[in-house]
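A.B. asks: Below is a structure I'd like to ask you about.
The values are calculated or read from the model by the stated rules, or taken from the named source; none is laboratory data. Here the structure is a predicted model, which is why all the values come from computation and not from measurement. Neighbour counts are summed over all protein chains in view; Cβ atoms, including those assigned to glycine, are modelled from backbone coordinates with ideal geometry. Please note that ligands, DNA and RNA were not included when accessible areas were found on the heavy atoms of the full protein model with its side chains. Shrake-Rupley method; radii C 1.70, N 1.55, O 1.52, S 1.80 Å.
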Amino acid sequence: MARRLKGRQVSGIILLDKAGGESSNASLQKVKRLLDAAKAGHTGSLDPLATGVLPLCFGEATKISQFLLDSDKIYRTRIRLGVKTDSGDAEGQVLETREPVRVSREEIQKALQHFVGPITQVPPMYSALKHQGVPLYKLARAGKTVVREERRVNVYSIKLLEFIGPEVELEIACSKGTYIRTIADDLGDVLGTGGHVIALRRIKAGPFSQDLALRYEELQARFEAGGMAALDAVLIPGEDAIQELPEVRLPAVTSAFVRQGQAVMVRHLPTSGLVRLYDQDGFFGIGTILDDGRLAPRRLFNSQ
């Protein structure tokens, strides 16, 4: 017999403005308790130092968490030149100090060109990636270093927003899996100054920008003023995370076959890829176009 989940069967996305100084999982668990939600998951870790957009998925919306995990991101970061750390950010141990910093804005602009486009990165030891089942950051804290494979990522743009003294502020648009700390560390190496992240904020994740994000204290205040109904009112439908997928509307008979796991023939479908599925009851899942042109279910959502 399946274990019954404790908590409410609530479904949707809370767009959290994560506070600095706590892990993404700690942030998730706080909101989950506040919502009294039975099922929850986040969409990729932000460093404890980082703040900003962290979509939290609840109930049926956890089925689209991978799409948000795979989505593009935009960050704003402040980098301190002249100091290199073992983690690439201010929480690490100082490895080297190279002061005073003597670089110009033009030299920084030129150096940043090395990091735009398809690039490879070696993930930092202080990361949530696992080696033989153990998170790298735990190995790093134990003084161990292991070989990490290079990963290919895509940096779409880097804007130099400010350069005052040894500090550089950047806005970086990038693909999933991009380590901003690694860019900071590598930028310091290219400039010959060393460098590390002293502030990091995610301002956009997939389709969700910081304008819609709520701090935990704001969620708490809503709950105190209006109870669970006030929290449920700010839940974003899971389908909003996948609006870039084409929409396919099915008649009741056809959607019944799809809901049973069967592939169907439908006119005027895209030639390939994933689609959002709708019928007379609204959104009910994600479909995929097979090689023979049929529409098959990929992830189906239960009605709430």
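A.B. asks: In debye, nearest 20, what is the charge dipole magnitude of segment 171-294 about its Cα centre with +1 on Lys and Arg Cβ and -1 on Asp and Glu Cβ, if you could check?
C.D. replies: Here the size comes out at about 220 debye.
A.B. asks: Given +1 on the Cβ of Lys and Arg, -1 on the Cβ of Asp and Glu, and no further charges, what dipole in debye does segment 7-122 carry about its Cα centre, rounded to the nearest 20?
C.D. replies: On the way: 16 positive and 14 negative charges, 48 e Å.
That gives a dipole near 240 debye.
A.B. asks: Same structure again: Collect residues whose amide H, placed 1.01 Å from N in the peptide plane, falls under 5 Å from the amide H of Arg8; neighbours closer than 5 in sequence don't count.
C.D. replies: Ala37, Ala38
A.B. asks: Which of the trypsin sites (Lys or Arg not before Pro) found in segment 154-199 are loop residues per DSSP with 16 or fewer other Cβ atoms within 10 Å of their Cβ?
C.D. replies: Lys176
A.B. asks: Considering only protein heavy atoms and a 1.4 Å probe, what is the carbon-and-sulfur percentage of the accessible area of the chain?
C.D. replies: With neighbouring chains kept in place, the figure for the chain is 48 percent.
A.B. asks: Let me ask something else about it. Quick check: residue separation of Gln132 and Arg249 times 0.36 nm, minus the Cα distance between them. What number comes out in nm?
C.D. replies: Here the answer is 37.7 nm.
A.B. asks: Work out the length of the dipole vector of the chain about its Cα centre, built from +1 on the beta-carbon of each Lys and Arg and -1 on the beta-carbon of each Asp and Glu, and round it to the nearest 20 debye. Walk me through the numbers on the way to the answer.
C.D. replies: On the way: 41 positive and 36 negative charges, 191 e Å.
The calculated dipole for the chain is roughly 920 debye.
A.B. asks: Residue-wise, which Karplus ³J(HN,Hα) couplings in Hz belong to segment 264-276, taking 6.51 cos²θ - 1.76 cosθ + 1.60, θ = phi - 60°, and x for glycine or proline?
C.D. replies: 9, 8, 9, 6, 6, 7, x, 7, 6, x, 9, 9, 8
A.B. asks: Separate question: With each label point set 7 Å from Cα along the Cα-Cβ vector, what nm distance links Leu34 and Glu217?
C.D. replies: Here the answer is 1.2 nm between the modelled labels.
A.B. asks: Looking at this model, which pairs from Lys73/Lys159; Lys30/Lys73; Lys110/Lys159 are more than 20 angstrom apart at the alpha-carbon?
C.D. replies: Going by Cα-Cα distance, Lys30/Lys73 fall outside the 20 Å limit.
A.B. asks: Cα to Cα, under 30 Å, and not fewer than 8 places away if on the same chain: which lysines meet these conditions relative to Lys144?
C.D. replies: Excluding near neighbours in sequence, the set is Lys18, Lys84, Lys130, Lys176.
A.B. asks: Hey, can you rank 108-118, 283-293 by average C-beta count inside 10 Å, highest first?
C.D. replies: In descending order of packing, they fall as 283-293, 108-118.
A.B. asks: Sticking with this one: Return the sequence-ordered ³J(HN,Hα) values of segment 117-127 in whole Hz as given by the Karplus equation 6.51 cos²θ - 1.76 cosθ + 1.60 applied to θ = phi - 60°, using x for Gly and Pro.
C.D. replies: Result, rounded to whole Hz: x, x, 9, 10, 10, 8, x, x, 4, 7, 8.
A.B. asks: Taking segment 218-304 as the region of interest, what is the percent of Cα-Cα pairs per 5 angstrom bin, listed from the shortest bin to the one with the maximum distance?
C.D. replies: Per 5 Å bin, starting at 0, the Cα pair percentages come out as 3, 14, 23, 19, 12, 8, 7, 6, 5, 3, 0.
A.B. asks: Would you compute, from DSSP H runs of 4+ residues alone, the mean residue ellipticity of the chain at 222 nm, taking -39500 (n - 2.57) per run and dividing by the full residue count, rounded to the nearest 500?
C.D. replies: -6500 deg cm²/dmol
A.B. asks: Using +1 at the C-beta of Lys and Arg and -1 at the C-beta of Asp and Glu, which of Val275, Val190, Gly82 has the Cα lying farthest in the positive direction of the dipole of the chain?
C.D. replies: Going by the charge dipole, the pick is Val275.
A.B. asks: Output the direction-averaged projected area (hull surface divided by four) of the convex hull of the alpha-carbon atoms of the chain, in nm². Walk me through the numbers before you get to the answer.
C.D. replies: Working: hull surface 78.0 nm².
Mean shadow area of the hull around the Cα atoms is 19.5 nm².
A.B. asks: Then there's this: Treat each spin label as a single point 7 Å out from the Cα along the C-beta direction, and report the Val94 to Thr120 distance in nm.
C.D. replies: Roughly 3.4 nm, to one decimal.
A.B. asks: On to the next question. Mind listing the phi-derived Karplus ³J(HN,Hα) values for segment 92-104, rounded to whole Hz, using 6.51, -1.76 and 1.60 with θ = phi - 60°, and x for any glycine or proline?
C.D. replies: x, 7, 5, 9, 7, 10, 10, 10, x, 8, 10, 9, 9
A.B. asks: Let me ask you something else. Let me check against my output: what whole-number percent is the relative contact order of the chain, with C-alpha pairs under 8 Å and at least 6 apart? Walk me through the numbers before you get to the answer.
C.D. replies: Details: 618 pairs, mean separation 62.3, N = 304.
Value for the chain: 20 percent.
A.B. asks: Also, quick follow-up: Projecting each Cα onto the charge dipole of the chain (Lys/Arg +1, Asp/Glu -1 at the beta carbon, about the Cα centre), which of Leu170, Leu35, Ser157 comes out farthest on the positive side?
C.D. replies: Leu35
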